[in-house]
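All remarks here apply to the structure that follows.
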Amino acid sequence: MTALDETGRTDPAPPDTLVATLAGAAYTDPAAFTREQESILERRWMCAVRSADLDAPGRFATVDIGRESVLVVRGRDGALRAFLNSCRHRGALICTEAQGAVRRNLQCPYHAWTYGLDGALVAAPNLSSLGDIDRTRYGLIGVASREWLGYLWVCLADEPPSFTETVIGAVTTRLGSPEQIDRYGVADLAMAHRETYEVAANWKLIVENFMECYHCATIHPELTEVLPEFADGLAAQYYVGHGAEFGSEIEGFTVDGSSGFAPLPDLTADQDRRYYAITINPTVFVNLVPDHVIVHRMFPTAVDRTVVVCDWLYHPDVIASGGDTRGGVELFHRVNVQDFDACERTQPGMSSRAYASGGVLVPAEHHIAQFHDWINEMCADG
Ligand code: FES
Ligand code: FE
C-alpha cells in the first residue's frame, strides 16, 4: 500500500507486485483509437454479417469496419461478396441502410452509376457506350471475405492474415482442437433472438470484461447460480479445453436453471452440462452450451462507443417447433446488461488521473495481460 504523504495524497502508480493494465489513455485518446482502427480493426478478420440474414440474391447489409463502410451482398450465383461501400464515381455511399434488398443491381443514389451484384459497373448515365471503359476497373472495390460458423468474416488488409491461424486458431487454442466447435454445427443453427447493445465504453474494456471472471460473483447472480465455479472468480473458462460445469441442481443453461432443450446432436458426453467461452481477437465472443450457441460481434464506433450484436442460435427443430427459448435468451441477456453496465461505469474512470498509469491485474488474469501485449504489438507493427 502506498502511504499517504503529509498532504493526504497517494501515488497513483500501481503497486509493483501486481501487473499493470494499459494506461487510461488507451481507452480515451482518439489518437489511440485511430491507431487501433488502422492496425487492428482494418487488418484482422472481422465477423461482419450472419450469412442467413442475406438469404436471397440482392439482399445486402452494411457494416462499419474500422473507418470503412463495408457492403455485403448476396449474388445471383448465391455467393456472398463484400465491397467497400463507396461509389467509384464520386465516392457516395451506395447503400445507407443497415440491411435491405435490391431487385437486380446496386445503384448509387447520387448520379445513378449502377453495379451488378458481383460489383462490376454495368451502367452509368451519359456514358451509354461503356465499351471503352473497363467495367471491372470501375467496379466496386472488393474486400477479402470468408464464411465460417454461418457468418461472413471480412478483412480490409491488402494481405489478410491466415484465417486458419488468427480465427480458427483462437478456437483451437481455447478448446484444444477445431473439431470441438464443429460438433456444435454452428453454421446450421437457427436464430432465436438478436439483441443489439449500444455500449458507452471502449471496445477493449468489453473484451477484458469478457475475459475475466473476477467480477462474476459480484455482478452475475444468475450466471454463478448455473455455473457455481464462476463464483470463485478464477476465470476457469480460460484453461485450455476446460468447460465450466453446471451446478448439480441445474437442469439447463437458463435464467432460473430450469431445463432447456436436448443437447445439439453431435456433442460428446464431456460437452454436455458445460459452458465454454471463446474470445476471437479482436471483436468476437462465442459461448457454447449444450443446447445453444451465443455469438457476440462488436463494432467499435468511437474511442468510447461500441455496438455489440448478440445472436442466440438454437437447433433449427427447436425454432421450427416454436420451442420456448426465452429462459436461455434471458440468462445471457442479463449477463450482457450486467457486463455492459460495468463497462460503462468503468469508462469515465479511464480519464481519471487515478488511472493515468493504469490499474492492476490480479494474478489469475494473465490472459488479459496477453491481450494487452497483443494490442501493443499490433499497434507497434502498424
Ligand atoms: Fe455515385 Fe456519382 S457518386 S454515381
Ligand atoms: Fe461478465
- Item | Any chance A380 is at pLDDT below 95, away from ligand 2 (no atom under 16 Å from the Cβ) and surrounded by fewer than 18 Cβ atoms within 10 Å (Cβ to Cβ) | yes
- Message: So V318 ticks every box in (1) away from ligand 2 (no atom under 16 Å from the Cβ); (2) crowded, with 20+ Cβ neighbours inside 10 Å; (3) under 15 Å from E195 (Cα atoms) but one. Which box is left unticked?
- Response: (3)
- Query: Restricting region 251-265 to residues that are within 16 Å of I319 (Cβ to Cβ) and small (G, A, S), which is surrounded by the fewest Cβ atoms within 10 Å (Cβ to Cβ)?
  - Reply: A262
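Quick grid of which residues meet (1) closer than 22 Å to P363 by Cα; (2) more than 19 Å from the chain's Cα centre (by Cα); (3) at pLDDT below 95; (4) not hydrophobic (A, V, I, L, M, F, W, C):
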| residue | (1), (2), (3), (4) |
| --- | --- |
| P15 | yes, yes, yes, yes |
| L18 | yes, yes, yes, no |
| A26 | yes, yes, no, no |
| D29 | no, yes, no, yes |
| W45 | no, no, no, no |
| D55 | no, yes, no, yes |
| R67 | no, no, no, yes |
- Would you mind stating whether A356 is touching a helix residue (DSSP H, G or I) at 6+ places or on another chain (Cβ under 7 Å), more than 16 Å from ligand 2 (Cβ to nearest atom) and in contact (Cβ under 8 Å) with a residue 12 or more places away in the chain? yes
- Item | Enumeration of residues in region 277-295 that are in contact (Cβ under 8 Å) with a residue 40 or more places away in the chain and closer than 22 Å to G323 by Cβ | V286, N287, L288, H292, V293, V295
- Are any residues in region 173-190 crowded, with 18+ Cβ neighbours inside 10 Å and either in contact with a strand residue (DSSP E or B) (Cβ under 8 Å, 6 or more places away or on another chain) or modelled with pLDDT under 95 (or both), and if so, which ones? R174, L175, Q180, I181, Y184, V186, L189
- Query: Residues A369, A354: which one is in contact with a Pro (Cβ under 6 Å, 6 or more places away or on another chain) and either of a type in the set (F, W, Y) or surrounded by fewer than 20 Cβ atoms within 10 Å (Cβ to Cβ) (or both)?
  - Reply: A354
- Task: State all residues of region 255-276 that are more than 17 Å from E225 (Cα to Cα), touching a helix residue (DSSP H, G or I) at 6+ places or on another chain (Cβ under 9 Å) and not in a loop (DSSP other than H, G, I, E, B); if no residue qualifies, say none.
- Result: Q271
- Message: Can you say whether A217 is surrounded by fewer than 18 Cβ atoms within 10 Å (Cβ to Cβ), away from ligand 1 (no atom under 16 Å from the Cβ), over 15 Å from the mean Cα position of the chain (by Cα) and at pLDDT 95 or above, as far as the supplied structure shows?
- Response: no
- Task: Kindly indicate which of G323, G359 is at pLDDT 95 or above and of a type in the set (G, A, S).
- Result: G323
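The values are calculated or read from the model by the stated rules, or taken from the named source; none is laboratory data. These numbers come from a predicted model, not from an experiment. A quick note on method: Cβ atoms are made from the backbone with ideal geometry, for glycine too, and the neighbour counts reach across all protein chains shown.
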